[in-house]
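The values are calculated or read from the model by the stated rules, or taken from the named source; none is laboratory data. Quick caveat: nothing in here was measured; it's all calculated off a predicted structure. Cβ placement follows ideal geometry from the backbone for every residue including glycine, while neighbour counts extend to all protein chains displayed. Heads up: the accessible areas ignore ligands, DNA and RNA and are worked out on the full protein's heavy atoms, side chains in. Shrake-Rupley method; radii C 1.70, N 1.55, O 1.52, S 1.80 Å.
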Amino acid sequence: MNDSQNDESLVSEDGGIGASRRPTIGFIGLGNMGIGMTRNLQRAGFDLVVNDVRRETAAELVAAGARWASSPAEVAASATIVITMLPTPRIVRDVVFGADGILEGIPDGGTWIDMSTSVPEVAEEVRSRFPERNLNIVDAPVSGMSVGAANGTLQIFVGATTGQYQNILPVLSAMGDPERILHVGAAGAGYAVKLMINQLWFSHVIATAEVLAIGTAAGVNLDVLRRSLIASPANSNFLEHDVLSILNDGDYDEGFAIKLACKDLGLSIDLARSVGMPSELSALVEQIFVRAKRGYGDLAGEMTPFKLYEDLLGTELRLTSETLSGVAR
Ligand code: NAD
């Protein structure tokens, strides 16, 4: 982290971002995640100025009092803090450096928080090319799916100086669970933590699908198999909780497109390469995800690789009354 970065307080004299002095929040990227996050900022009383390449995404926010801006530059010029929630590092770069980008509007000493799952290169380029602008650039990617964004219960991983973290905490608290907003290190650490979380979670998706498919093919009742695994040292949060959306409802989470999951897995492998660490398992998991994306389409849900194993089995893995009936409880 560049220590010369400006930690100037955004916090009002009464110790918090008081209702009378709430900063205006600029928000760019109103997709599956951004729409829930902005609704929660609005509910918490922040004035909003918003932008997306798809103007229709802002209709409801504007009806509730948000201001539409026609470019990222206009967002950055009108807001105390500008937040990006965008699909890929390339798009983040376009929105920052492009014509009418954030850099054209943000005042010197201004604050930009990137909440996208991304990498530090864009922020590093801004700092190294424009050190005199003294911008506060923070990475604060999130976990918790679109449902967490909608409910304001996101987990947020913040890479920032302590001063920057303290200053933006009231804003992040409007979008995330205050208990799970973590200051994980200096700039860039938030991106790294988020990529490692996704890498591990996607690995659980594949490992769980494989084990449940093999076990049921061997004739074990699906519910018995899952309960046995949960009771064993091999238990995981995915097996105990997250997989139930598939097993109970056939829901592969279309709130997170598999093309973005593949993006995250690619970034995770890039990170491993950049620090000189092997990533054999990550590479294999990424390839299985790419196979599923190719087969089921870019917009299929992030857990669709599970389906690859169901297809091989010739049946869906579901906890129906039939699979539950064979269980000794
Ligand atoms: P999304 O594709 O649903 O939304 C992205 C939004 O950005 C879209 O509305 C799109 O129109 C807009 N956009 C694209 N290019 C733009 C540009 N040049 N200028 C302005 N707007 C632009 O994606 P999402 O699911 O909301 O994910 C956003 C980020 O959050 C990604 O980095 C993703 O990896 C991460 N993430 C997603 C989830 C999830 O469950 N969906 C969970 C955690 C993190």
Among helices (runs of 4 or more DSSP H) entirely inside the stretch 268-329, those with 2 or more residues being open to solvent by 100 Å² or more (accessible area, probe 1.4 Å) and at pLDDT 95 or above are 280-296
Could you say whether any residue in the stretch 5-23 is at pLDDT 50 or above and within 16 Å of the ligand (Cβ to nearest atom)? no
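Mind listing whichever residues of the stretch 160-175 are away from the ligand (no atom under 15 Å from the Cβ) and surrounded by 18 or more Cβ atoms within 10 Å (Cβ to Cβ)?
Result: 160, 161, 164, 165, 167, 168, 169, 170, 171, 174.
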Checked the stretch 142-159 for anything of a type in the set (Ser, Thr, Tyr) and open to solvent by 40 Å² or more (accessible area, probe 1.4 Å); matches are 153
Log entry, pairs with first residue in the stretch 241-269 being under 22 Å from residue 150 (Cα atoms) and of a type in the set (Phe, Trp, Tyr), second being part of a helix (DSSP H, G or I) and open to solvent by 40 Å² or more (accessible area, probe 1.4 Å), beta carbons closer than 8 Å, six or more apart or on different chains, reads 252/307; 256/145
Scanning the stretch 223-241 for residues that are under 29 Å from residue 298 (Cα atoms) and surrounded by 18 or more Cβ atoms within 10 Å (Cβ to Cβ), the one farthest from the ligand (Cβ to nearest atom) turns out to be 239
Exactly one of 246, 197, 181 is in the same structural domain as residue 121 (by TED's automatic domain parsing), within 16 Å of the ligand (Cβ to nearest atom) and hydrophobic (A, V, I, L, M, F, W, C), and that residue is 181
Note on the stretch 289-306: residues over 21 Å from the mean Cα position of the chain (by Cα) and under 19 Å from residue 199 (Cα atoms) are 291
Within the stretch 222-253, residues touching a helix residue (DSSP H, G or I) at 6+ places or on another chain (Cβ under 9 Å) and not in a helix (DSSP H, G or I) come out as 234, 235, 236, 243, 251, 252, 253
With the condition kept exactly as written, say whether any residue in the stretch 243-256 is open to solvent by less than 40 Å² (accessible area, probe 1.4 Å), touching a Pro at 6+ places or on another chain (Cβ under 6 Å), at pLDDT 95 or above and closer than 28 Å to residue 34 by Cα.
no
Scanning the stretch 176-215 residue by residue, those open to solvent by less than 30 Å² (accessible area, probe 1.4 Å) and not small (Gly, Ala, Ser) turn out to be 181, 191, 194, 195, 198, 199, 202, 205, 206, 208, 212
Scanning the stretch 34-60 for residues that are more than 10 Å from the ligand (Cβ to nearest atom) and either touching a residue at least 40 places away in the same chain (Cβ under 8 Å) or outside the structural domain of residue 177 (by TED's automatic domain parsing) (or both) gives 39, 40, 41, 43, 44, 46
For helices (runs of 4 or more DSSP H) lying entirely in the stretch 33-118, having 1 or more residues that are of a type in the set (Ser, Thr, Tyr) and open to solvent by less than 60 Å² (accessible area, probe 1.4 Å) picks out 34-43, 72-78
